[in-house]
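What follows is a set of notes on a single structure, which appears directly below.
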Amino acid sequence: MPTNKVKKIIDIFRKHKSPTHSWDYAFYNNNALQLIETPHKLILNPSTDILFSLYIDETFCNILGTMHGGAIATLIDTTTTLSISGLDRTHRHNVSVELSTYYQNPVKKHSTIFILNRINKIGKTLAYSTGDIYDEHNKLLSNSVHVKAMLEKTWL
């Protein structure tokens, strides 16, 4: 099951010492970022789709009370990295080549969002993914395209 592989990568990331003032730290600590392991209607292909949830508290919000655009981009960067590393057969490290994020609707404070990552291809040198954020009613809030360069070093 692909989510078991992703869980191993999440455990490694949670043990990493991120600065306490970073969004990464807020995602991993107190288990704020949750991997959804049960069937969900957003998942079309369980072998390539990875779904997360995140409760949006003030840590992630701007002065308007909505999730900061930088936090959204960081969330997509983080979750697609976890998904690609977990689904890659050798669990390689990877770095961003391109990340494009489109903001359709605000992500409201005190809401729970779902982050759907689709891993379209993991090749020898590049991986291609999309990251879509939905609200609790499956309304699309943001979508992203993320291309990653695959490195030789592995996580496991």
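Relative to the present Cα-Cα distance, how much length would full extension add between N138 and V95 at 0.36 nm per residue of separation? Kindly include the intermediate steps, with their values, before the conclusion.
Details: separation 43, 0.36 × 43 = 15.48 nm, distance 2.94 nm.
The span from N138 to V95 would gain 12.5 nm if fully extended.
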Report task. Show the residues, 5+ positions off or on another chain, whose built amide H is closer than 5 Å to the amide H of I36. Result -> L51, F52, S53
Query raised in the report: Calculated FRET efficiency, T20 and D57, Cβ-Cβ r, R0 25 Å, to nearest 0.05?
Result: 0.95
Query raised in the report: Could you give the angle, 0 to 90 degrees to the nearest 10, between helix 2-15's Cα long axis and the longest principal axis of the Cα atoms of the chain?
Result: 70
**Report entry** Built amide H within the under 5 Å cut-off of V97, gap 5+
**Finding:** V147, K148, A149
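Taking the Cα centre of the chain as origin, work out the dipole magnitude from +1 charges on Lys and Arg Cβ and -1 charges on Asp and Glu Cβ, in debye rounded to 20. Could you put the intermediate results ahead of the total?
Values: 17 positive and 13 negative charges, 99 e Å.
Dipole of the chain, to the nearest 20 debye: 480 debye.
Most exposed first by the Cβ proxy, i.e. fewest other Cβ within 10 Å, how do H21, H146 rank? Don't skip to the answer; put the middle values down first.
Working: H21 8, H146 27.
Listing H21, H146 from fewest to most nearby Cβ atoms yields H21, H146.
Quick one: compute the contact order of region 2-154, relative version, from alpha carbon pairs under 8 angstrom and 6+ residues apart, as a percent. Show your work: numbers first, answer last.
Details: 301 pairs, mean separation 36.1, N = 153.
Once normalised by length, the contact order is 24 percent.
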Report summary line: Whole-Hz Karplus couplings 3J(HN,Hα) for region 19-35, θ = phi - 60° and coefficients 6.51, -1.76, 1.60, Gly and Pro as x, run x, 5, 9, 8, 5, 3, 4, 5, 5, 8, 7, 6, 6, 4, 8, 10, 7
Query - Long pairs among K41/K124; K17/K124; K8/K124; K15/K121; K41/K108, criterion Cα-Cα beyond 24 Å - result: K41/K124; K17/K124; K15/K121
Report task. Go through G65, L151, S53 and say which Cα lies farthest out towards the positive end of the charge dipole of the chain; charges sit on Cβ, +1 for Lys and Arg, -1 for Asp and Glu. Result -> L151
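Hey, how much of the P(r) for region 2-154 falls beyond 27 Å, as a percent of Cα pairs?
Values: 1801 of 11628 pairs.
Taking all Cα-Cα pairs of region 2-154, the fraction more than 27 Å apart is 15 percent.
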Query raised in the report: Which value in nm describes the separation of the simple spin-label points at D11 and N120, placed 7 Å from the Cα toward the beta carbon?
Result: 3.2
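For the chain, the longest stretch holding no trypsin sites (Lys or Arg not before Pro) located in a DSSP loop with at most 15 other Cβ atoms within 10 Å is which?
Working: sites that count: K17, K41, R89, K124, K139.
Value returned for the longest uninterrupted segment is 42-88.
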Requested in this report: Name the shape class, rounded, prolate or oblate, that the alpha-carbon gyration tensor gives for region 77-151, where a ≥ b ≥ c are the square roots of its eigenvalues, rounded holds for a/c under 1.5, and otherwise prolate holds if a/b is larger than b/c and oblate otherwise.
Outcome: prolate
Report summary line: For the chain, longest principal axis from Cα atoms; helix 69-87 axis from its Cα atoms; angle between them, nearest 10 degrees, is 30
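Each reported figure results from applying straightforward, stated rules to the coordinates on display, with no laboratory input. Predicted model, so just to flag it, every value in this text is computed and none were measured. Backbone-built Cβ (ideal geometry, glycine too); neighbour counts: all protein chains shown.
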